[in-house]
Amino acid sequence: MRTLLILTAFAAGLQAQTTARDNLNLGVKAFKNGDYAEATNRFKAAVALDPDLPDAMLYLGTAYAQQFIPGSETPENRGFANAAIEAFRNVLQASPKNLIATQTLASLYYNLKDFPNAEDWNHRVLAIEPGNVAALYTLGVIAWTCFIGPDREARQREQMKPEDPAPLIDPAERAALKAQFRQSLTDGIESEHQALAIDPDYTNAMAYMNLLIRYRADLDDSKEQAQADIKEADGWVEKALASQKKRAAQAFK
């Protein structure tokens, strides 16, 4: 009798594993067909039947992430993001250096405009893959994005027009923003430098080098220093345009 129970339990376990694998395969098929809701249901079933099934949780997170629409503020959309985040965090509990899960979390937090977490997860990407140019580039974008709002508000308070030259007029306000943002802008510039060292023709990185240096000029202590920053920023505009022309020429060869 005991032997029969053991065999029955073993057979049930094999059946559960087979069913989990079948659900995984059906989920992959649905995902490839663009039926992300069906894919999600299949991956959830696979995980429920066999939590240790390789890649099932990763596929589940990917299916949720595919249904998330950046910029949409609906509860359903946020639910997709939260479910994807939970799934990828579960992946990382079992496999802390999973690059896909780490990269996708960095992307999700960025698209949710949760920039502190986005910055953290991009650094985690770099800890796994130090030469990841997308993570380096994104760190520069985050630094500029976090600064642009406060900088524009400061210019409005000081009744400065967008075309008015840097730096900010009010020394106290300039000092306060400098204490808060100067280092992050400098770090962002360094991140873009590193991205360009890996990919010298990375046009988007050149564009953000321009933006980071140009807007950092508002925090400079003198007009001369600001003019030097603007001149350097203009140089990156020229490099970006030259890179675009180079890519266009190569595309027509």
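Residues in the stretch 43-57 that are over 27 Å from the mean Cα position of the chain (by Cα) and assigned to a helix (DSSP H, G or I): 4 in all. Taking PRO162 as the residue in question, decide whether it is of a type outside the set (D, E, K, R), farther than 30 Å from LYS246 by Cβ, at pLDDT below 95 and over 15 Å from the mean Cα position of the chain (by Cα). So PRO162 passes the test. The residues on offer are ALA94, ALA84, ALA48, ALA101, and the sole one that is of a type in the set (A, V, I, L, M) and more than 23 Å from ILE128 (Cβ to Cβ) is ALA48.
Any residue that is under 24 Å from THR62 (Cβ atoms) and more than 11 Å from the chain's Cα centre (by Cα) - is there at least one of those in the stretch 133-148? Looking through the stretch 133-148, at least one residue is under 24 Å from THR62 (Cβ atoms) and more than 11 Å from the chain's Cα centre (by Cα). Just one of (1) out of contact with any Ser or Thr (no Cβ under 9 Å at 6 or more places or on another chain); (2) within 24 Å of LEU108 (Cα to Cα) fails for ILE198. It is (2).
Pick from ALA143, ALA118: which is surrounded by 22 or more Cβ atoms within 10 Å (Cβ to Cβ), among the small types (Gly, Ala, Ser) and not assigned by TED's automatic domain parsing to the domain that holds LEU219? Lay out the reasoning, then the answer.
Values: ALA143 fails: not assigned by TED's automatic domain parsing to the domain that holds LEU219.
Selected residue: ALA118, the only one of ALA143, ALA118 that is surrounded by 22 or more Cβ atoms within 10 Å (Cβ to Cβ), among the small types (Gly, Ala, Ser) and not assigned by TED's automatic domain parsing to the domain that holds LEU219.
Would you confirm whether or not the stretch 75-82 contains a residue that is at pLDDT 95 or above and within 16 Å of the chain's Cα centre (by Cα)? The answer is yes, given that some residue of the stretch 75-82 is at pLDDT 95 or above and within 16 Å of the chain's Cα centre (by Cα). The test for being of a type in the set (A, V, I, L, M, F, W, C) and assigned by TED's automatic domain parsing to the domain that holds ALA39 holds for ILE69. Screening PRO167 with (1) surrounded by 17 or more Cβ atoms within 10 Å (Cβ to Cβ); (2) assigned to a helix (DSSP H, G or I) gives one miss only, at (2).
Of the residues making up the stretch 83-106, those that are more than 18 Å from LEU53 (Cα to Cα), free of Cβ contacts under 8 Å to residues at least 40 places away in the same chain and surrounded by 15 or more Cβ atoms within 10 Å (Cβ to Cβ) number 6. Candidates ASP187, ASP151: the one that is closer than 30 Å to ASN98 by Cα, surrounded by 14 or more Cβ atoms within 10 Å (Cβ to Cβ) and at pLDDT 95 or above is ASP187.
The values are calculated or read from the model by the stated rules, or taken from the named source; none is laboratory data. Only a predicted model underlies this, so the values are computations on that prediction, with no experimental measurement involved. When we count neighbours, we look across all protein chains shown, and the Cβ atoms used for this are built from the backbone with ideal geometry, even at glycine.
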